[in-house]
Amino acid sequence: MLPVSYFIGLAAVLFAIGTLGVLIRRNAIIIFMSVELMLNAGNLAFVSFARAFGLLDGQIFVFFIMAMAAAEVAVGLALIVDIFHTKQSIDIDQMNSMKG
Amino acid sequence: MNFSDLTTILPLITLVGWAIILILVDLFIPAQRKGIMAMLSAIGIMISLVIAICQFGGQTTAFSGMVVFDGFSVFLQILFLISGLAAIALAYDYIKRQGIERSEYYILLMFSLSGMTLMAMADDLIIIFLALELLSIPLYVLAGFANPRLDSEEAALKYFLLGSFSDAFVVFGTALVFGAARTTTIPGIIAAITVGAANLILLMVGAALILIGLGFKVSIVPFHMWTPDVYQGAPSSVTAFMAVGAKTAGFAALLRVFMAAFNTLAVDLVPVLWALAALTMILGNITAIVQGNIKRLLAYSSIAHTGYISMVLVTINQSRITQHAVGAALFYLVAYAVTSFGAWAVVITLEHSEGKGLNVEDYAGLGRKYPALAAAMTVFMLSFTGVPPTLGFLGKFYIFRAVLEGGYVGLAIIGVLTSLVSAYYYLRVVVVMYMREGEPLVRKEFWLSSTIFMTAIATVIVSIFSTPLFTWASKGIMFIPK
Amino acid sequence: MTLNYALFFILAAIAIASALGMLLSKNAVYSALFLILNFNVVAIFYVLLNAPFIALTQITVYAGAIMVLFLFVIMLLGAEQTGRISSARWVKPAAYSLGIILISEILYIIFAQTGVIPDAASIAAEFGSPVTVGKALFSRYLLPFEATSVLLIASMIGAIVLTKRKS
């Protein structure tokens with residue numbers, strides 16, 4: 001079958017796109033989605049290695065990462081909704097009520 | 001799984017079980033008397049603490065090598081649990097007068113604490129990752145606990161976005177380490193490296209990504225941008241807990257992973273770690289000078305302290321001094337925890353509603369009106385600077401000694417010079433307290449005052465009898481099952 | 001053999017294109033839909049990599065529950081228009097240089113890694129099936145499993161605390 005590096009390379013590209021998204025987008029929801037993309041890239045790498053080595057452990061990790069992503073989404077979206085209620089904006093550049 | 005697995009993690013089970021029971025108990029406590037919850041959670045943490053102390057001694061692994069029980073883990077567990085008690089003492093009156101008293105505060109604090117306790121024992125990258133999440137997610141919520149106050153919400157969102165960003169780095173790094181070593185347990189990684197089965201390039205990239213992820217958590221420069229805003233915006237009692245607990249947990253993971261598993265990568269890692277430590281010390285201390293807000297000042301100061309602690313990481317490949325290095329880091333974490341809780345307790349004492357009373361100028365006149373409080377704050381500032389006879393001095397002493405033993409004279413010099421810089425802004429607080437006239441508004445609250453009293457005493461007294469503590473910390477050297 | 005390669009490259013192209021679509025869309029709803037497409041393509045990869053259970057979890061939990069929640073919040077807030085992409089002048093160059101570093105890292109990995117995924121015959125037929133995953137979860141991985149459950153409780157309480165406003 002295919003070399004593992006193809007899958008890892010794809011995962012790394014997705015990870016890089018996610019990182020770029022976090023850095024250049026200013027909308028909190030889009031940033032959060034980019035983080036999800038990065039986690040997804042990590043999962044793809046785990047599953048590829050699991051298949052390459054014939055070790056189930058990699059798949060188990062993906063299960064945990066998904067559960068943790070769900071937990072994070074619950075809290076993260078609650079925070080976003082919360083701040084939108086107060087501020088009517090989720091642009092993180094406008095979050096400058098604190099100055100140093 | 002068998003019975004001994006359960007007894008090994010008994011402090012953790014107690015903590016989680018107690019928190020879940022408290023969720024139910026909360027239903028029967030009337031809304032005006034939520035202070036009871038603080039007492040109840042403190043009792044739970046104390047039980048857990050007693051168990052952790054009783055467990056002292058012995059080394060074992062549990063849950064098929066997922067967690068390890070050794071001197072390092074017990075030392076950190078005790079530190080975390082005492083920090084938890086201090087965090088409750090700081091919060092008890094503060095959240096009441098800020099009008100944000102809800103029993104979930106204490107429950108979330110206990111969940112976060114259980115994540116930290118798990119981190120102390122973690123011996124597998126997947127456990128490290130889950131512990132990191134378990135301690136962070138309640139902290140995101142606690143940072144936003146003062147909603148709908150805008151700065152608290154902003155702090156929470158920033159902390160959350162940067163936190164989950166860094167978690168993604170840890171995930172991808174762990175995946176690459178798994179690909180390199182075919183396992184994620186730390187002994188397994190060490191074994192794979194030793195027999196030469198590991199793919200070193202993948203391992204290197206994985207280690208770098210994990211370093212970035214954990215670097216965000218402990219706010220190593222350049223991954224520190226969130227720290228000042230989050231520390232300033234979050235309720236002060238949460239900030240104190242975050243500054244001590246989350247940072248200590250991050251270092252627990254960094255020490256465990258880098259000192260034990262990745263030390264063979266030292267050739268590539270040490271220059272990077274050297275530069276990061278130097279940069280963190282320099283930037284943290286210099287930026288702190290211009291801060292007028294005491295919470296921001298302490299935030300930059302906490303970045304600077306991260307720099308001092310991360311200095312020990314440059315000695316990762318010198319196994320003969322690992323004991324001193326880990327001991328020094330743990331000792332410094334204790335010194336930092338005691339001093340920080342004291343300083344934050346003073347900050348909380350002077351803070352009024354709506355973020356008033358948080359400027360350094362608001363401390364004017366404290367020396368004349370409240371000499372005891374000013375004296376305590378002076379002790380904390382001196383300890384942060386590293387002036388004898390305080391814990392902070394000894395912490396720096398042990399760190400510099402370990403770094404010099406490792407042969408990194410340049411880094412130690414940077415450390416000493418930046419400490420001198422830090423004297424400027426720490427002593428400015430002291431000068432304002434004693435030399436300026438003012439009418440500081442102070443609240444007398446029992447738990448806050450006793451925290452200030454005890455931490456001030458500990459900062460001085462423990463420093464006189466520091467040798468046993470350091471010996472104990474050095475015994476905390478990680479146990480690596482063969 | 002060629003079929004495998006063709007399938008991989010087509011799917012990889014869709015995955016990358018949808019990720020870029022997520023990144024560059026001006027409308028948050030499009031971004032979310034692109035991300036769902038990406039998650040589904042990755043789920044197909046999971047099936048190809050003998051991870052049927054994970055693939056189904058990916059579709060039900062990620063593409064289903066999580067992304068629906070995202071869409072729901074976007075619609076609720078009326079925050080479809082996401083506005084400008086970047087702010088400070090230094091952000092973009094910094095971001096792109098970081099991107100270049102990451103891409104070079106990828107090339108590094110690709111050249112460093114020479115292993116080939118073994119043929120399906122070499123692994124057990126039930127590899128990745130719900131039964132084997134479940135057995136592993138409740139034996140070797142019991143502690144992380146329980147830790148995850150605590151994590152979910154904590155986040156549940158957290159979400160309630162954040163959204164319950166005092167009247």
Exercise for review: Summarise the partner chain shielding of B:56-67 as one whole number: the mean count of Cβ atoms from other chains within 10 Å of each residue's Cβ.
Suggested key: 2
Check your understanding: Tell me, how many Å apart are the Cα centres for the range B:186-213 and for the range B:108-170?
Key -> 26
Point to revise | Listed residue pairs exceeding 24 Å between alpha carbons, taken from B:369/B:444; B:217/B:396; B:247/B:356 | key: B:247/B:356
Study note, to complete from the structure: Karplus-derived 3J(HN,Hα) from phi for the range B:331-343 (6.51 cos²θ - 1.76 cosθ + 1.60, θ = phi - 60°), whole Hz, x at Gly and Pro, runs 4, 4, 4, 5, 4, 5, 5, 4, 5, 4, 4, x, 5
Study note, to complete from the structure: Site residue C:2, offset 7 angstrom along Cα→Cβ, radius 19 Å on amide nitrogen, limited to the range A:1-26, gives A:1-3
Practice item. Please label the shape of the protein assembly as shown as rounded, prolate or oblate, based on the square roots a ≥ b ≥ c of the eigenvalues of the alpha-carbon gyration tensor (a/c under 1.5 means rounded; beyond that, a/b larger than b/c means prolate, else oblate). Key: prolate
Exercise for review: Tell me the chymotrypsin sites (Phe, Trp or Tyr not before Pro) within the range A:1-56 that lie in a loop according to DSSP and have at most 15 other beta-carbon atoms within 10 Å.
Suggested key: none
Exercise for review: Name the shape class, rounded, prolate or oblate, that the alpha-carbon gyration tensor gives for the range B:305-431, where a ≥ b ≥ c are the square roots of its eigenvalues, rounded holds for a/c under 1.5, and otherwise prolate holds if a/b is larger than b/c and oblate otherwise.
Suggested key: prolate
Practice item. At most 16 other Cβ atoms within 10 Å and a DSSP loop assignment: could you name the chymotrypsin sites (Phe, Trp or Tyr not before Pro) in the range B:46-134 that fit? Key: B:56
Point to revise | Distance in nm between pseudo-label sites at residue C:81 and residue B:368 (7 Å out along the Cβ direction from Cα) | key: 5.8
Exercise for review: Please work out the C-alpha center-to-center distance from the range B:290-341 to the range C:137-163 and express it in whole Å.
Suggested key: 31
**Study point:** C:71, B:214, B:202 arranged by Cβ crowding within 10 Å, fewest neighbours leading
**Key:** C:71, B:202, B:214
**Study point:** Length-normalised contact order of chain B in % [C-alpha pairs under 8 Å, at least 6 apart]
**Key:** 16
Review point. Under a straight-distance cross-link criterion of Cα-Cα below 23 Å, which lysines are reachable from residue C:164, leaving out those fewer than 8 residues away in the same chain?
Key: A:87, B:34, B:96, B:158
Review point. For residue B:225 and residue B:317, what is the calculated FRET efficiency with R₀ set at 25 Å and r taken between the beta-carbons, to the nearest 0.05?
Key: 0.25
Revision key, fill the gap. In whole angstrom, the spacing between the Cα centers of the range B:245-283 and the range A:15-91 equals 25
Check your understanding: Can you give the mean number of other chain Cβ atoms that lie within 10 Å of the Cβ atoms in peptide B:181-194?
Key -> 1
Study note, to complete from the structure: Helix-only [θ] at 222 nm, chain B, -39500 (n - 2.57) per DSSP H run of 4+, per residue, nearest 500, equals -24000 deg cm²/dmol
**Study point:** Surface/4 estimate of mean projected area, convex hull on alpha-carbon atoms of chain B, nm²
**Key:** 20.5
Exercise for review: Arrange B:26, B:362, B:268 by Cβ neighbour counts within 10 Å, fewest through most, would you?
Suggested key: B:268, B:26, B:362
Review point. Taking square-rooted eigenvalues a ≥ b ≥ c of the alpha carbon gyration tensor, is the range B:292-342 rounded, prolate or oblate, where a/c under 1.5 means rounded and, failing that, a/b exceeding b/c means prolate?
Key: oblate
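Values in this text are rule-based calculations from the coordinates and carry no lab data. All figures in this text were calculated on a predicted structure; none of them were measured in a lab. Note that we place each Cβ from the backbone using ideal geometry, even for glycine, and neighbour counts take in every protein chain shown.
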